[in-house]
Every structure is written in C-alpha cells, then in structure tokens.
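A.B. asks: Starting off with a structure, shown below.
The values are calculated or read from the model by the stated rules, or taken from the named source; none is laboratory data. All values reported here derive from a predicted model rather than from experimental measurement. Methodologically, a virtual Cβ is constructed for each residue, glycine included, from the backbone with ideal geometry; neighbour enumeration extends over all protein chains shown. Accessible surface is based on the protein model in full, side chains and every heavy atom, while ligands, DNA and RNA are left aside. Shrake-Rupley method; radii C 1.70, N 1.55, O 1.52, S 1.80 Å.
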Amino acid sequence: MQETVRVEAREGWRRLVLNRPERLNAFTPAMQAALKAALEAAGADPSCRAVLLTGEGRGFCAGQSLEQPVGPDADLGRMLEEGYAPLIRALRDLPVPVVCAVNGVAAGAGANLALACDIVLAARSASFSQAFVKIGLIPDCGGTFFLPRLVGTARARALALLGDPIGAEQAAEWGMIWKAVPDEALMPEAEAIAARLAAGPARALALIKSAFADREALDAQLALEATLQREAGRSKDFAEGVCAFLEKRPPVFRGGR
Ligand code: T3D
C-alpha cells in the first residue's frame, strides 16, 4: 500500500512528504494519523532538529478528501476534535522548527496546515485558498486563529467569506507566509533553511517556538471551530457543496439556518 506520508531522513533533520498526488494530497483519516505519527516520531528523536513539510506532485494539499457524498449523520465537530485539532497541536507543540515548502495548491485544511508551520515558503506558482466556504463550511484547522494574526482581520474575513485563492507572491506581500520563491528554487531554499535550523541552538529554537505559541488562545479557537463546523456540517448546503464538487459543477446553495 502507498505510504500517505513519506519520511526521509537527512543529516540532522527530516523531510515529510504528503503523498497522495493523484488527489492533490487531500487528507484521509489515515494520512492525518500518519502525519501526526511522523511529527511525534520526529519530536521524540533527539537527533532530529528540524522538519521540512511538503507535498508530492503538483499540489501541496487540497484539504479534506472529498470522495463521497456526506450523510446527515456526519459529525464534523468530532472529526475536528479527534483528527485535525490534535494534528495542528502536534505541529505547534513540536520542540523543533517546522519549515513548510508549499509546492502547489494549498486549499482548505491544506492551507491552514501550512499556516500552522513555523517558516512557510511557497513556489511562485502555488496558491492558498480558504476553500471551506465553497462547500458550505467554515475555516478550520486553526485557520480562524492563524489568518487574522498573519494578515489582519479585514483580509482574513474576506479570504474566509469568499474562499478565493491568492497566489504565493500576494500571500508573501500580505505577511501570510515568509516568502515566495521561483518554483525551481523552492526545495533548495527550504532544505537550506531546514539544514541551517538543524545546526542551530536547539534549546533556544524550542523556546522561541514556545514564546510564540499562544497555546490557550489556539486551543479555544480550535474548540470554537469544532462547535461551528459541527453545525455547518449538518446543513443541506454542505451536502450540496460536496455533491457539486463530486459532480464537477457549481453548487446551488439554498441557505436556511
Ligand atoms: O470533513 C471534515 O472533517 C471537515 C474538515 C474540512 C476541512 C477541509 O479541508 S474542507 C475543504 C476541502 N477541500 C476543498 O474543498 C478543495 C477541493 N478541491 C478543489 O477545489 C480543486 O481541486 C483545487 C482548487 C484544490 C485544485 O483545482 P485543480 O483544477 O488544480 O485540480 P482538480 O482537477 O480539481 O483536481 C485534481 C484531482 O484531484 C481531481 O481528480 P480527478 O478528476 O483527476 O480524478 C480532483 O477530484 C482531485 N481532488 C482535488 N481536491 C480533492 C480531490 N479529491 C478528493 N478530495 C479533495 N479535496
């Protein structure tokens, strides 16, 4: 069976590669669990002093895998509490820095996974989108925590409410990411940063991460996202959004609360 997350050991650091390229690395529960386990294993290995996260193929990550229509009993709040929130916490709590090399489209949970990392570089051809609203959902995976802090509330609200993609250069201009680089420079630059961090003062790097963590606020926002997503996930608009994606047509949202 194909490994959904490939782990490659380097001198003092690890490269983690999301590996479902035929689905633009969209998240299945197995991939979520594999990424969390890979992060925890990296954190438990004293010889691993930095992590580089990227995606296989032309995409970084297209968010939650949408492969079948959703039934009325789906509890998205529970899926966040048990799946994505522990993953985001594992990333933020990792005592080593995580560099993210966004190699292509980063949508929904994929965009917010990238924003949860410590240093984010993106290829110029990459894009970021809070695609959730296009299927009748709210941003999750900490997006409502990270986005306003990175780009301010005016831009965060428009990105979340419209779900439009923005390119890597715009994302860098807005302060959403560290920098956009030419496509061919992405991996060499990201690897050089990971190697540099791996050779850095490990304790200080861990303490710098802690200083920025704002953990209580993140936990509160993850809990709020789960509550709101539970409600959004019960809506007919969500069911229609997923059907429309699967049928490759625009959704027809009918609203109603
Ligand atoms: O459920 C819960 O737990 C709640 C949590 C939700 C978290 C979320 O992430 S919600 C958001 C989910 N993601 C999306 O809504 C994005 C869906 N994908 C797209 O809108 C587009 O694919 C992209 C804009 C990302 C890229 O467009 P494009 O034109 O470059 O590629 P494409 O042709 O649409 O996709 C290529 C293939 O990947 C295609 O398969 P095919 O037709 O070649 O067999 C497409 O169906 C597949 N794919 C893309 N995204 C997903 C996916 N398959 C499953 N799940 C996906 N999310």
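A.B. asks: Just a yes or no: is a residue in region 161-172 within 11 Å of the ligand (Cβ to nearest atom), of a type outside the set (Gly, Ala, Ser), without any contact (Cβ under 8 Å) to a residue 40 or more places away in the chain and open to solvent by 10 Å² or more (accessible area, probe 1.4 Å)? So that I can check it myself, show each step before the final result.
C.D. replies: So in region 161-172, the residues within 11 Å of the ligand (Cβ to nearest atom) come out as 163-165.
If we keep only those that are of a type outside the set (Gly, Ala, Ser) as well, we get 164-165.
Of the ones still in play, those that are also without any contact (Cβ under 8 Å) to a residue 40 or more places away in the chain are 164.
This time we only want the ones that are open to solvent by 10 Å² or more (accessible area, probe 1.4 Å), so: 164.
For region 161-172, residues within 11 Å of the ligand (Cβ to nearest atom), of a type outside the set (Gly, Ala, Ser), without any contact (Cβ under 8 Å) to a residue 40 or more places away in the chain and open to solvent by 10 Å² or more (accessible area, probe 1.4 Å): present.
A.B. asks: Would you confirm, using the coordinates I've provided, whether Arg257 is at pLDDT below 95 and either farther than 24 Å from Arg124 by Cα or under 19 Å from the mean Cα position of the chain (by Cα) (or both)?
C.D. replies: Considered against the rule, which asks whether it is at pLDDT below 95 and either farther than 24 Å from Arg124 by Cα or under 19 Å from the mean Cα position of the chain (by Cα) (or both), Arg257 comes out as yes.
A.B. asks: Let me ask something else. Across region 169-179, what is the number of residues that are among the hydrophobic types (A, V, I, L, M, F, W, C) and part of a loop (DSSP other than H, G, I, E, B)?
C.D. replies: Qualifying residue count, region 169-179: 4.
A.B. asks: Before we move on, is Ala180 away from the ligand (no atom under 16 Å from the Cβ) and at negative phi?
C.D. replies: Answer is yes for this residue.
A.B. asks: Restricting to region 154-196, and then to whatever is more than 19 Å from Phe132 (Cβ to Cβ) and of a type in the set (D, E, K, R), can you tell me which residue is nearest to the chain's Cα centre (by Cα)?
C.D. replies: Residue satisfying both the conditions and the ranking: Lys179.
A.B. asks: Now, a different point. Looking only at region 106-129, filter to residues that are closer than 14 Å to Leu186 by Cβ, out of contact with any Cys (no Cβ under 8 Å at 6 or more places or on another chain) and not hydroxyl-bearing (Ser, Thr, Tyr); which one of those is surrounded by the most Cβ atoms within 10 Å (Cβ to Cβ)?
C.D. replies: Ala122
A.B. asks: Out of curiosity, is Ala38 within 16 Å of the ligand (Cβ to nearest atom), out of contact with any helix residue (DSSP H, G or I) (no Cβ under 9 Å at 6 or more places or on another chain) and not β-branched (Val, Ile, Thr)?
C.D. replies: It is false that Ala38 is within 16 Å of the ligand (Cβ to nearest atom), out of contact with any helix residue (DSSP H, G or I) (no Cβ under 9 Å at 6 or more places or on another chain) and not β-branched (Val, Ile, Thr).
A.B. asks: Still on this structure, I have one more. Mind checking which residues of region 62-78 are at pLDDT 95 or above, within 25 Å of Ala220 (Cα to Cα) and near the ligand (Cβ under 8 Å from one of its atoms)?
C.D. replies: Gly63, Gln64, Leu76, listed by residue number.
A.B. asks: Moving to a separate point now. Between a first residue in region 238-257 that is touching a residue at least 12 places away in the same chain (Cβ under 8 Å) and a second residue that is open to solvent by less than 60 Å² (accessible area, probe 1.4 Å) and part of a helix (DSSP H, G or I), which pairs have beta carbons less than 6 Å apart while being 6 or more apart in sequence or on different chains?
C.D. replies: Phe238/Ala232; Gly241/Ile135; Val242/Ile135; Pro251/Glu240; Pro251/Gly241; Pro251/Ala244; Phe253/Asp237
A.B. asks: Oh, and also: Look through Ala90, Ala85, Ala44, Ala50 and report the one residue that is among the small types (Gly, Ala, Ser) and either near the ligand (Cβ under 9 Å from one of its atoms) or without any contact (Cβ under 8 Å) to a residue 40 or more places away in the chain (or both).
C.D. replies: That would be Ala44, the only listed residue that is among the small types (Gly, Ala, Ser) and either near the ligand (Cβ under 9 Å from one of its atoms) or without any contact (Cβ under 8 Å) to a residue 40 or more places away in the chain (or both).
A.B. asks: Residues of region 210-248 being more than 14 Å from the ligand (Cβ to nearest atom) and surrounded by 17 or more Cβ atoms within 10 Å (Cβ to Cβ), which ones?
C.D. replies: Taking region 210-248 as the starting set, the residues that turn out to be more than 14 Å from the ligand (Cβ to nearest atom) are 210-221, 223-224, 236.
Correct list: Leu218, Gln221.
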